[in-house]
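Nothing in this text is a laboratory measurement; each read-out follows from the coordinates by a stated rule. These figures come from a predicted structure and were not determined experimentally. Here the Cβ positions follow ideal geometry from the backbone for every residue, glycine too, while neighbour counts run over all protein chains shown.
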Amino acid sequence: MKQRKRWLGLAFAPFALALLAFAPSAQANDFSGTCAQYPGTYDGTGNVTINNTGACTLPAITAGGFIHITSSGAITAQALTAGTDLDITTSGGAITTQALTTSNGDLKITSATNITTTGAVSSRYAIQANANSGKIAISGNLASNQSGAGGNILLVATGNISTGSISTNSGGGTAGVEIHANTNAAGGTFTIGASTTNGVNTTINTSNTTTGGQDPNFVVGGVFITNGNAGSTTAQIKVTNASNINVAASASRSGLIYLDARNGTITLPTGALSSTGPAGQPAGQVILMAGTLKTVNNTVITASQTAAAISTNHGVIIAASNITVAGAGGLKINGDGNGITGSPSTAYAQVIPTGGISVSSSAFTSNNVNTMLWTPSCSGAKS
C-alpha cells in the first residue's frame, strides 16, 4: 500500500515533474581577479582567488568554497570566512585582518613582515602563521581541530608572537601547539598567562579524553614553545599560573610539554606544571631547556602515573646549568610509575646540563603544520 500511494502521488503531478526536469542545477559562482576587481558579480557561493600586484585592501568576504589571496604588497582585509581552506600570502609588506574562519579546511597566513589580526582565528582543521621578517600579533583567541580529526597550530616569527588563548580541543581528539618566537632575535620574555607583546594571554589547552593516545613509546598532542635564537642568553619563558598549560587527558596518556628558552631563563610559579596521567592511565613527558630554571615555593614539575597504568616511556627532564628554589616546599620533580620492562630509563626525573637535550620539529623544518612530529635528542653538550 505504501508503494501504491507513492506512485499515485507521482501520477497526479506531471507538470511539477516537468518543471523539475527542466530546472537548471545550481552553479557555484567563483571569483578570480585582483583586489580592486573584487567582488564583481561574486555572490558568495563558490571560491575566491585573488592574485594582486601591490597593496591590497579588501572588505569582509564570506565564501562557500576556499579563499586564496596572494599579493606582492601589503594586505589589509576585514573579516574573512571560508567554507574550505583560507590562505593569505604576501611577498612584500604586512598582513592586517579582522577575524579569520574556516568552516571545513586549513587556515594559513604567510607574511613578508608582520601579521596583525584583531579578531578570533578559528579553523576546523589546522592553523599556521609565518611572519618571515616581523612579528605576529593576534588579539583574539585561536581554536583549531574543531572537527576532532586533528588540527595542529604552528606559529613562527622572527620577532615577537602574541595571541589570545589557544585551544585544540573544542571538537574532540587532540593536536599539537607549536610556537617559535624570535627565531632571528635574542628575544625578551615570552609570558604564558598574561596580555603582553610576546606570549599567550590566559591558557594553552590541548586537553581531551584521549589526548595522548595509548602507545607506550609515543605521545599524541601537547605544547612546544621556543623563544629566542640559538644561543640566546636573554630569552625567557615565564608561566604565570601552572594551570595555564593544560595537556591533561581523562582516558589516555596526557600530552607533551616542551619549553625551550635557549640559554636564557624559564620561570615557573607555585603549583604543578603537569603531564601526569589520570587514574589508571599513562603520563606524558615534560622537557624544560634553559640556562637557568627559576622556581618558587612549592613548584612541582610532574609526569607521573599510577601502578595501574600500562608501562610507558614517561617523565621529566630538566636541562639547565642553574636551578633556583625557594621556601620550605622547594621544588619537586616527579616521574613516578612503571617504565617499559627491559628498557632502561623509561620512567625518569632527570636534571642534566644546558644543551644536554634538544627537541627538533618536522613541522618547523618543513614549514608544514600537517607534518608535526617532535623528536627529543640527547647530545653530549656541556653547560
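Once you have a ≥ b ≥ c as the square roots of the Cα gyration tensor eigenvalues for the chain, tell me rounded if a/c is under 1.5, and otherwise prolate or oblate according to whether a/b is larger than b/c. It is oblate, given that a/c is not under 1.5 and a/b is not larger than b/c.
At 222 nm, what value in deg cm²/dmol follows for the chain if DSSP H runs of at least 4 each add -39500 (n - 2.57) and the sum is divided by all its residues, to the nearest 500?
Details: 3 runs with 24 residues, N = 383.
Rounded to the nearest 500, it is -1500 deg cm²/dmol.
Put a dot 7 Å past the Cα of LEU373, heading toward its Cβ, do the same for ASN217, and the two dots end up 1.3 nm apart.
Got the relative contact order for the chain handy, in percent, Cα pairs under 8 Å and 6 or more residues apart? Don't skip to the end; give the middle numbers.
On the way: 1296 pairs, mean separation 28.6, N = 383.
Rounded, it is 7 percent for the chain.
Over 25 Å apart at the Cα level, from the set LYS238/LYS332; LYS108/LYS135; LYS135/LYS294, are LYS135/LYS294.
How many percent of DSSP beta bridges within segment 197-383 run antiparallel, rounded to 5? Rounded to the nearest five, the antiparallel share is 10 percent. Pick from GLN236, GLN281, GLN350: which is most flexible by mean-square fluctuation in a GNM of the chain where alpha carbon atoms under 10 Å apart are linked? Ranking GLN236, GLN281, GLN350 by mean-square fluctuation puts GLN350 first. Binning the alpha carbon pair distances of segment 247-383 at 5 angstrom intervals from zero yields the distribution 2, 11, 17, 21, 20, 16, 10, 2, 0, 0, expressed in whole percent. When the Gaussian network model of the chain links Cα atoms closer than 10 Å, the mean-square fluctuations of THR45, THR97, THR341 top out at THR341. Among the cysteines of the chain, those with no neighbouring cysteine Cβ under 4.7 Å are CYS378.
Note down the relative contact order for segment 197-383 as a percent, whole number, built from C-alpha pairs under 8 angstrom at least six residues apart. Numbers along the way, then the final one.
Details: 583 pairs, mean separation 29.6, N = 187.
Worked out over segment 197-383, it gives 16 percent.
In the elastic network of the chain, a GNM with C-alpha springs shorter than 10 Å, the most mobile of ASP43, ASP87, ASP260 is ASP43. Relative to the longest principal axis of the Cα atoms of the chain, helix 2-11 runs at roughly 50 degrees. Modelled label positions at THR53 and ASP30, each set 7 Å beyond Cα in the direction of Cβ, lie 2.3 nm from each other. When DSSP assigns beta bridges and you keep just the ones with both residues in the chain, what percent turn out antiparallel, to the nearest 5? Just about 5 percent of them are antiparallel.
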